[in-house]
Structures are given as structure tokens and as C-alpha cells.
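Asker: Here it is, the structure, as C-alpha cells.
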Amino acid sequence: MSEAAIERQIDRSQMQVTDEVAIQISDMNKWYGTFHVLRDINMTVNRGERIVICGPSGSGKSTLIRCINRLEEHQAGKIVVDGTELTSDLKNIDKVRSEVGMVFQHFNLFPHLTILENCTLAPIWVRKTPKKEAEEVAMHYLRKVKIPEQALKYPGQLSGGQQQRVAIARSLCMKPRIMLFDEPTSALDPEMIKEVLDTMIELAEEGMTMLCVTHEMGFAQAVANRVIFMDQGQIVEQNEPKEFFNNPKSDRTKLFLSQILGH
Amino acid sequence: MSDTHSNTVAYVRDSMLPEATPPLTEVGAIRWLRENLFSGVLNIILTVLGISSVIWIVLHIGPWFLNAVWNAESLAECRQILDGATGACFGVIKDRWHQLIFGFYPPSAYWRPTLAFVLMLVALAPILFAGAPRKLFWFSAIYPALAFWLLWGGTIWFPIIAMAGFAVGYLAYRVTLPLSTLAATIVGVLATILWWLYLTGPISNMLSGALPIGIMPIRSDSFGGFMVSTVIGVTGIALSLPIGIVLALGRQSDMFLIKTVSVGFIEFIRGVPLITLLFTASLLLNYFLPPGTNFDIILRVIIMVTLFASAYMAEVIRGGLAALPRGQYEAADALGLDYWKAQRLIIMPQALKISIPGIVNTFIGLFKDTTLVVFIGILDPIGLSNAIRADSDWNGIYWELFGFIGLCFFIFCFGMSRYSQYLERKLKTDHR
Ligand SMILES: Nc1ncnc2c1ncn2[C@@H]1O[C@H](COP(=O)(O)OP(=O)(O)OP(=O)(O)O)[C@@H](O)[C@H]1O
Ligand SMILES: [Mg+2]
């Protein structure tokens, strides 16, 4: 596990967890065919929370956060996002997806569009924002992730770290209220990990509700207000970061932490 | 100077060297020859063999071209002029080129297919080249009806009413849209087809009775030559791409019925030789149509050729779709794009780009396959070459006619191939 040091001072003034519920998952189960990937998941995410999800490979972390914007369908239980329940109703799904941003491990930028077009596509076609306005918003977020000068290039011309920052900007252009990250740094070289983490920290500082699947424990300690440990499709332990790292309760968690931190 | 140089490590250059020309073996033609033709023993042998076979061919075919006779009214006259020497008799092309191009179309109306061809280039411009004015798209949209009217003639109302079918379909689509997108699409398509089958004829007859505007009607038996190849080929190409896209998407659909119908259609059409489809078009299709409709044979052939090419097109595009990483679909979904928007903006532009070589391959195949219509009695260029030979003036002439026909096909197909290469270069954004 790489562990990028978080050197900067973190501004916590805006990081406030409110009472408002952003995501409510109750008794959720999912199967792939006969394989029971997610078992009795119960969790509540309040607005403003920064949650890090970790766990061994194949434990169902990706599947869990992909259920939240219905990239995967759950078979039992209930998922409510921003007051909208995810059912097979397409209108609800589209509503949730336009409220929830997602960043993938492999960026998934659209290679046939420029960086700017990548960022304006969804605002123009989903939100019906006028093109000019969408471009202004896109440039705003590209400046924020510190690559406005790349706006007219194609994704193939950018480094991995730059591409991932574009992917974050692309999600932000939809003005999402919740951001999901699925191992956003695990396809990157160490020096690029830092630039992406910095972007994510800034996002957290602005009070974004975030769910991150990541093994960057430095990031978890610096930014998260809660760490969730999953194994075999279940939530095994969750706690605030300090307690979670210094004083893990379950044996599985201890084993996992010793493997990724102990070297 | 020189002793300081050799005795110490320190060194200062006191005079700068001027730029020198590279040795002769490293520049221009000589370098190219050395690298491409004479870079090794095997290469030298191959070069010598290649050059000698080119010389051999030129020596044997050269006289045929050099002695060619352009001014002759018949093969006998040609032979007389040549007086025993080998030589081509291109007189046949000079004498009959109009037939090779227009078939038995009335000469007084040659301007109509010619105008239709020129307007086709105008209509294609906005589709093929991004630089063309966008307003031309409107012209491209009405062009099919206009070309139909120019070629077949008759009342102007028929193509207008037929085009109105699209408006009818769109209206039906809008009315049923609140129910579901799929139902609305099906209703829209059905409405258009029903309009064409049952209402277009009567309404246009009525209108032309009331307001007769039109040009001389020309029956499709008099169509022939490259005009027929172009009409069938271009229409087939223009229609098979969208139908192929729909079939490819249908084949990937989650909906069982749509998937089954698409797979069944593709497998059936691909499993049958085109020639059987053409015979079906010429003999059987009338049984399936409402009695009394006299459905033009060329239109029937166009339908069959289009269906045939669509099945291949669908598979080519499916290949492109399969080559796209899943992440592209997921990113589109995650951004909230619905199925059709994701297809139109993200998936298809990439899948089609990947499939360009295969698509153009199918286009070229389709265009050359139009020569098969000779078997159902349509006089395409090959059919006309037979007709020309049937005349006692030109009985026995083969090479010149086939050479000319081959050359024309080659120009068309090579043009398509070059265009596809241009397009691939233009769309290249991966910078690998
Ligand atoms: N489409 C699928 N069909 C069947 N099984 C799947 C599918 N996707 C994932 N799985 C299985 O479900 C389990 C959970 O997968 P998931 O991708 O959620 O794990 P993860 O915790 O994200 O692991 P990693 O850290 O390797 O990304 C794995 O055992 C995986 O093999
Ligand atoms: Mg994963």
C-alpha cells in the first residue's frame, strides 16, 4: 500500500456533519447470480460526512458504492439517496445519478472529446445548461483542480493524475451533493497520487459529502470522520479514524491493518 | 594549440565548424533507393525481379494501349484500321458511353440523372465534411425525395406525400411519448410505414388530379448502367448504416423480444446469398404487398440490398461496441445520461470510429454487389456490356468494356477508401 504523506494543514471550518440524512441504506443484500456479495448492509450517511471504506480485495467495497448510484442493482432492502428511493423506476435513477458524482479507478474520461467537452457534456445534455454557461462552470472547476490550460486537449494527452483530476472536475460540473470515489488513486504513480489527494482534500474542506473506497490511510486519518471496514460483503467495523487505527476491535480489522500498515 | 590539447584535459574550441552537407548516400532519392530497394541481398533480388516483371507487363500491354483505336463505328472497322496489329478498340466506349452510364433512359432526359448526381454531391457535402455549411443539412434531408422525382419523374406530389410520412411518424411518436419511449418509437415507425403503404398512393393521385404538376414519368425498365449501380449503391449505403446501428443495439438489448428479433434477422439475412434475396425481390415480394400496389422493381432491389448490407453492418458495429471498455458506459450512466443520449454522445461516436474500416469494407462490398442485379434482368453496366455485344457492330468485344467498367468501379471504391482514411486521421484523438 502506498501511503502519501498529507503534509498540508487541513482547514476544518467548513467540515461539518449535519443531522440531515444524505444516504440511508437498510437491510440491503445483493447477489451476483448465486454469489452473495453484499449481506445485510445497514448504514446512514449524514450530509457533510467524509467516509472512507476499506477492506481486503473482493470484499464488496466497489459493489457497495456502485449500488448507491445504481450502477449495480440490489435485490433486497432499501437504498434512499437524498430522499429518493432507488427502485427500477428510471426517473428516480436519473434523478439520483445527476445528484451523485462518481470518480472511477480508471478515470473513464471520454477519449473522443476534449477535456472541456468532457466537463460540459452532462450539464448541457442532462441539466440543459446553455453551452456558454456550462463552459464557464467547467473552466471554474478545471481551475480548481489546477489544469485550466489543458482544457482543449484530449484525455490521451494528459498524465494519469491530470486525467483523474479532470474526472473529478467533470463530476463537480454537475454540482453533485454527494461524491463517490472508487479507489481514485490506485492506478496512479506515487507523485500523481498526491495531486489527486490534494484535490480531494480541498473538496472535503468545502463540506462535500464524500464516500471514498481507498487504501490511502493518510488521507483517511486526515480527512475522514468515519472509517468503515468491510470483509466478505459485510460491514465488520466502523469507527472514527483515530480509534479505528489505534484501537481496532475486531481480529479481522487488526489483521487487515497490520497487513497494510505493518509492512 | 595541438599540444595543449593532447597534454591536458582542459580544452577550448577556438574556431566553430561550419555546417557540412551530409554524404550523398544519406540524402534524397539515393537514400530512399538504398533504404527501400537495395537494403540487402534479398531486397536487391526482389527489386530486380519486380522491375523486370513491370517491364514485361508494360511491353506486353503497352502496344495494346498505344495502338488503341478511338474512332470506329464497329469492331470490324476497328480491325480494319489496326490491320493485324494488336490494339484496343476504345471506339466502343466512345460510341456507347452514354448507354453504359444511363442505360436506355431517354436521351432527351439525360439532364435529370445528371442533375440528380450533381445535387447528390451537394447533399453529401455536409455529411462527409465538417467544414460544409450546416444549413445544407436541410437540403440533404429533402434530397432523397428530389432525386426520386428527378429520376422517375411523374407527379411531384408523390415524393412530397411520401416525405410527409416522416412528419406523420414523428407526430405519432410525440403523441405516444408520454406512455413510454419504446412504445412511441414503435408506433412512430409503424405509422410511417402504414402511411407509405396505404395512404401515399391515393392521396398523391388525388392531389395530382386536382393540381397536376410533374415531369415526364420514366419507367424503371429503361434505367441502366452506372446510373442503376449508383442509385442502388448509394441508397443502400445511406440506409444500411442507420439500420445496422439499430440492429446492433437491438442485439445488445436486455429486452428479450427485441434481442431475439434482431439476432434472428441478422442471422437469417447473413445466412442467405444476396442473389436469392434479389430473386425474392423480383418474383415474390409482390405477394406480401397489398394487392394492386405496383411496387417498382428497383425500389424492391434497393430494399433487399439494404437489408443484406444492414445485417453485415450490424455485426461490424457490434464489433466496435464490444471493443469499448465497460467504463465508458458506466461513466455515461454515472453522469445521468439516459440510454439514447449515452449511445448518441458517448458510445456510438467511439464505436463507429473503431468500425470505420469494417463499415467502409461493407460499403464497398455492397457497391460491387450491385452488379448482381444483372441476374434479375436489370441492366447494370455488366448487363449493358452484354446488350452492347448483342449488337452485330460490337459482337466479340470484351476487354475494352470490362476494363472500362472495372475502372469506373475502382474509382468509386478507391474514393471511398481514401475518404475513410481521411476520416480516421481526422478523428484520431488517442495520440498513441
Ligand atoms: N459483475 C460481476 N459478476 C460476478 N461477480 C462479481 C462481479 N463484480 C464483482 N464480482 C465479485 O464480487 C466480489 C466483490 O467485488 P468488488 O469489486 O465489490 O470487490 P472490492 O472490494 O471492490 O475489491 P477490490 O479491492 O479488488 O476492488 C468479488 O468477489 C468479485 O469477484
Ligand atoms: Mg473495487
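The values are calculated or read from the model by the stated rules, or taken from the named source; none is laboratory data. Because the structure is a prediction, the values reported are computed rather than measured. Cβ coordinates were reconstructed from backbone atoms using ideal geometry, including for glycine residues, and neighbour counts include every protein chain displayed.
Asker: Contact list please: Cβ distance under 7 Å, first residue in the stretch B:174-190 and within 17 Å of B:Asp338 (Cβ to Cβ), second residue outside any loop (DSSP other than H, G, I, E, B), pairs at least six apart or on different chains.
Answerer: If the second residue must be outside any loop (DSSP other than H, G, I, E, B), the pairs left are B:Leu177/B:Ala184; B:Ala183/B:Thr176; B:Ala184/B:Tyr173; B:Ala184/B:Thr176; B:Thr185/B:Tyr173.
Asker: I'd like to check something: does the stretch A:67-83 contain any residue that is assigned to a helix (DSSP H, G or I) and within 16 Å of ligand 1 (Cβ to nearest atom)?
Answerer: Yes: the stretch A:67-83 contains one or more residues that are assigned to a helix (DSSP H, G or I) and within 16 Å of ligand 1 (Cβ to nearest atom).
Asker: Could you please find all residues in the stretch A:169-213 being within 16 Å of ligand 1 (Cβ to nearest atom) and within 9 Å of the chain's Cα centre (by Cα)?
Answerer: Within the stretch A:169-213, A:Leu180, A:Phe181, A:Asp182, A:Glu183, A:Pro184, A:Leu211, A:Cys212, A:Val213 qualify.
Asker: Tell me whether the stretch B:290-298 contains one or more residues that are among the acidic types (Asp, Glu), touching a helix residue (DSSP H, G or I) at 6+ places or on another chain (Cβ under 6 Å) and surrounded by fewer than 17 Cβ atoms within 10 Å (Cβ to Cβ).
Answerer: Scanning the stretch B:290-298 turns up at least one residue that is among the acidic types (Asp, Glu), touching a helix residue (DSSP H, G or I) at 6+ places or on another chain (Cβ under 6 Å) and surrounded by fewer than 17 Cβ atoms within 10 Å (Cβ to Cβ).
Asker: Tally time: how many residues in the stretch A:92-106 are within 11 Å of chain B (Cβ to nearest Cβ), assigned to a helix (DSSP H, G or I) and touching a Ser or Thr at 6+ places or on another chain (Cβ under 9 Å)?
Answerer: Going through the stretch A:92-106 one residue at a time, the tally reaches 4.
Asker: Looking at the stretch B:108-222, what helices (runs of 4 or more DSSP H) fall wholly within it and have at least 1 residues that are of a type outside the set (Phe, Trp, Tyr) and farther than 30 Å from B:Phe412 by Cβ?
Answerer: B:157-176, B:181-194, B:200-210
Asker: Next question, about the same structure. For the stretch B:36-54, give me each residue that is surrounded by 11 or more Cβ atoms within 10 Å (Cβ to Cβ) and either at pLDDT 90 or above or in a helix (DSSP H, G or I) (or both).
Answerer: Hits for the stretch B:36-54 are B:Asn43, B:Ile44, B:Leu46, B:Thr47, B:Val48, B:Gly50, B:Ile51.
Asker: On the given criteria, is B:Gly365 more than 29 Å from B:Ser253 (Cα to Cα), surrounded by fewer than 19 Cβ atoms within 10 Å (Cβ to Cβ) and more than 14 Å from every other protein chain (Cβ to nearest Cβ)?
Answerer: no
Asker: Write out, first by first residue and then by second, each pair whose Cβ atoms fall under 9 Å of each other, whose residues are 6+ apart or on separate chains, and whose first residue, in the stretch A:44-67, is within 16 Å of A:Asp82 (Cβ to Cβ) while the second is near ligand 1 (Cβ under 10 Å from one of its atoms) and in a strand (DSSP E or B).
Answerer: The qualifying pairs are A:Ile65/A:Ile53; A:Ile65/A:Asp182; A:Ile65/A:Val213; A:Cys67/A:Lys30; A:Cys67/A:Leu38.
Asker: Restricted to the stretch A:12-53, and to residues that are out of contact with any strand residue (DSSP E or B) (no Cβ under 6 Å at 6 or more places or on another chain), at negative phi and within 16 Å of ligand 1 (Cβ to nearest atom), which residue is farthest from the other protein chains (Cβ to nearest Cβ)?
Answerer: Checked the stretch A:12-53; the qualifying residue farthest from the other protein chains (Cβ to nearest Cβ) is A:His36.
Asker: Can I ask one more? Identify, by number, the condition in (1) free of Cβ contacts under 8 Å to residues at least 40 places away in the same chain; (2) more than 16 Å from ligand 1 (Cβ to nearest atom); (3) out of contact with any Leu (no Cβ under 8 Å at 6 or more places or on another chain) that A:Ile93 doesn't meet.
Answerer: It is condition (3) that A:Ile93 fails.
Asker: Looking at the stretch A:55-70, which of its residues are within 11 Å of ligand 2 (Cβ to nearest atom) and either out of contact with any Cys (no Cβ under 9 Å at 6 or more places or on another chain) or within 14 Å of chain B (Cβ to nearest Cβ) (or both)?
Answerer: A:Gly55, A:Pro56, A:Ser57, A:Gly58, A:Ser59, A:Gly60, A:Ser62, A:Thr63, A:Leu64, A:Ile65, A:Arg66
Asker: Additional query: Give the stretch B:368-386 a look and list any residue that's surrounded by fewer than 24 Cβ atoms within 10 Å (Cβ to Cβ) and in a helix (DSSP H, G or I), or say none.
Answerer: Within the stretch B:368-386, B:Lys368, B:Asp369, B:Thr371, B:Leu372, B:Val374, B:Phe375, B:Ile376, B:Ile382, B:Gly383, B:Asn386 qualify.
Asker: Name the one entry in A:Met217, A:Met230 that is within 25 Å of A:Leu261 (Cβ to Cβ), in contact with a Ser or Thr (Cβ under 6 Å, 6 or more places away or on another chain) and within 16 Å of ligand 1 (Cβ to nearest atom).
Answerer: One residue alone meets the criteria, A:Met230.
Asker: For the stretch A:28-51, name all the residues that are touching a His at 6+ places or on another chain (Cβ under 9 Å) and within 16 Å of ligand 2 (Cβ to nearest atom).
Answerer: A:Lys30, A:Leu38, A:Ile41
Asker: Another one. For the structure I just gave you, tell me whether B:Gly396 is surrounded by fewer than 13 Cβ atoms within 10 Å (Cβ to Cβ) and either more than 30 Å from A:Leu109 (Cα to Cα) or away from chain A (no Cβ under 14 Å) (or both).
Answerer: Yes: the conditions hold for B:Gly396.
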